[in-house]
Amino acid sequence: MQPTKLWWMKAVAKSPLEMQRFRPCMGDEKSITRKVFIYCVRDGQLLVCRHLDLPPDEVGIQVPGGSIRKGEGARAAALREIREETGFDAFQIIGSLGCAAYDVSPYRNEIQRRMFFLARPLASLPARWEAAELHDGAAPPTWLEFFWIDIARAHVLQSAQSLFVWKLASTYKGETKFKN
């Protein structure tokens with residue numbers, strides 16, 4: 001097994017936090033992006049999607065989500081993203097489930113500051129459908145297939161998007177307190 005280029009950093013640093021001190025020396029500056037992810041739930045199922053134009057081993061199964069625009073609040077971004085991606089506008093954001101940071105490396109040199117929201121549909125949605133996110137015309141459309149999975153199987157979500165799924169079980173018992 002070959003040593004990584006960070007072997008010396010791991011030997012000197014006493015903790016992962018202390019390792020962060022050394023990153024600027026390595027030219028490993030990362031951009032910070034603000035993201036929202038939406039857990040839309042109905043009848044014990046979670047709304048998920050997959051990219052139709054990318055292989056599953058590259059992007060996996062995801063929940064609706066995206067970037068928070070400059071000057072936009074996180075809750076407004078969550079509502080905008082679920083509407084844009086699904087092609088439906090009948091959703092209600094119920095509350096915040098939590099926040100987390102996620103390092104996207106090596107895919108991109110980026111750390112995502114993620115906010116997770118709980119939503120519910122306000123109208124009947126199909127069991128499965130396709131939709132195109134148009135990106136405000138700034139990029140080619142992204143084609144997505146949406147479908148519902150049991151919350152108990154949500155551990156399959158890619159890139160730590162299942163981080164707050166555990167909170168969904170207590171939601172139905174009225175135990176979860178949401179931040180508005």
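The values are calculated or read from the model by the stated rules, or taken from the named source; none is laboratory data. All values reported here derive from a predicted model rather than from experimental measurement. Note that each Cβ is placed from the backbone with ideal geometry, even for glycine, and that neighbours are counted across all protein chains shown.
Can you tell me which residue within region 107-129, out of those that are within 20 Å of V59 (Cβ to Cβ) and exposed (fewer than 11 other Cβ atoms within 10 Å of the Cβ), is modelled with the highest pLDDT?
R128
Among the residues of region 161-180, which ones are loosely packed, with under 15 Cβ neighbours inside 10 Å, at pLDDT 50 or above and small (G, A, S)?
Result: A169, S170.
Going through region 133-145 one residue at a time, which ones are within 14 Å of C49 (Cα to Cα) and either among the aromatic types (F, W, Y) or modelled with pLDDT under 95 (or both)?
If the condition is that a residue be within 14 Å of C49 (Cα to Cα) and either among the aromatic types (F, W, Y) or modelled with pLDDT under 95 (or both), then E133, T142, W143 are the ones that fit.
Applying the selection to region 57-88, what residues are assigned to a helix (DSSP H, G or I), farther than 23 Å from L122 by Cα and of a type outside the set (A, V, I, L, M)?
D57, E58
Tell me, yes or no, whether region 89-97 has at least one residue that is in a loop (DSSP other than H, G, I, E, B) and closer than 21 Å to S159 by Cα. Can you show your working first?
Residues of region 89-97 in a loop (DSSP other than H, G, I, E, B): 89-90.
When the remaining residues are screened for being closer than 21 Å to S159 by Cα, the result is none.
So far as region 89-97 goes, no, none of its residues is in a loop (DSSP other than H, G, I, E, B) and closer than 21 Å to S159 by Cα.
State the number of residues belonging to region 130-150 that are surrounded by fewer than 11 Cβ atoms within 10 Å (Cβ to Cβ) and charged (D, E, K, R).
Final tally of qualifying residues: 2.
Scan region 107-129 and tell me whether some residue there is under 20 Å from R75 (Cβ atoms), without any contact (Cβ under 8 Å) to a residue 12 or more places away in the chain and not aliphatic (A, V, I, L, M).
The answer is no; no qualifying residue exists.
State yes or no: is E81 touching a residue at least 12 places away in the same chain (Cβ under 8 Å), surrounded by 12 or more Cβ atoms within 10 Å (Cβ to Cβ) and either touching an Asp or Glu at 6+ places or on another chain (Cβ under 6 Å) or of a type in the set (D, E) (or both)?
Answer is yes for this residue.
Does region 46-75 hold any residues that are without any contact (Cβ under 8 Å) to a residue 12 or more places away in the chain and not acidic (D, E), and which are they?
Correct list: L54, P55, P56, R69, K70, G71, G73.
Residue by residue, here is whether (1) touching a Phe, Trp or Tyr at 6+ places or on another chain (Cβ under 7 Å); (2) at pLDDT 95 or above; (3) of a type in the set (K, R) holds:
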| residue | (1), (2), (3) |
| --- | --- |
| W8 | no, no, no |
| S15 | no, no, no |
| E18 | no, no, no |
| F22 | no, no, no |
| C25 | no, no, no |
| K30 | no, no, yes |
| T33 | no, yes, no |
| I61 | no, yes, no |
| I68 | no, yes, no |
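With respect to L125, determine if the residue is on the phi < 0 side of the Ramachandran plot, assigned to a strand (DSSP E or B) and in contact with a helix residue (DSSP H, G or I) (Cβ under 9 Å, 6 or more places away or on another chain). First the steps, then the outcome.
On the way: on the phi < 0 side of the Ramachandran plot: yes; assigned to a strand (DSSP E or B): no; in contact with a helix residue (DSSP H, G or I) (Cβ under 9 Å, 6 or more places away or on another chain): yes.
In short, no.
In region 69-124, what count of residues is obtained for those that are aromatic (F, W, Y) and farther than 13 Å from C40 by Cβ?
Result for region 69-124: 2.
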